[in-house]
Amino acid sequence: YPEILLLDEPTASLDPDTADWVRAEIERYRVEYGATILLASHNMAEVERLASRVIMLEKGRILADETPAELIRRFGRETLEEVFLAIARRGAQVAEAEAAAKKAASARTAPAKKAPTKKAATTKKAATTKKAATTEEVRVR
C-alpha cells in the first residue's frame, strides 16, 4: 500500500453523499496504513475535516503553514472557509491585520467588570438591558 497519497481535489464535482464516502475512505486509509496524504483542495470544510496541517499558497508563495485551529485563531475567523475567503479577497497581510484590529477594538470596547452592587444584584433586567445596549454600541461603531 502506498505510504504517500497525492490527491488533487479528490471530491470535486461529486454529489454530497459520494464526496462524504470518499472523505471517510481517505480518513480510514490514513489511519489503517499510517499514510501521509497531500491534499490540494479549495473545499475548506474538506480540508478542515481531513488535514492536521494546512499550507496556504498565493502565487507560489507560502502564506500560512499551521493547523486548521491555529489559522482560524490567527485570522480571527470562525471557520477555515472564512480564513480562505479573507486571504483570497484581501491578501494574508491585510486579513491578518484586520483580525488584529478587530481583537484590539474588542478589548477597548469591552466594559470593565465592576464589583456587584446591591442595586445591580436586585435589578437583573436592568443589567441585561445595559449589556444589550453595550453590544449594540459595538455593532454600530
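Computed from point charges on the beta carbon alone (+1 for Lys and Arg, -1 for Asp and Glu), the dipole magnitude for the range 34-100 about its Cα centre is near 160 Debye.
Packing order of peptides 72-83, 38-49, highest average first: 72-83, 38-49 (average count of other Cβ atoms within 10 Å over each peptide's residues). Note on the range 1-116: dipole from Cβ charges, positive end direction compared against A51, V31, P68; the farthest Cα belongs to P68.
Readers should treat all values here as calculations from the given coordinates under stated rules, not as data from a laboratory. No experiment lies behind these values; they were computed from the predicted model shown. Every residue, glycine as well, gets a Cβ built from its backbone with ideal geometry; the counts of neighbours run over all protein chains shown.
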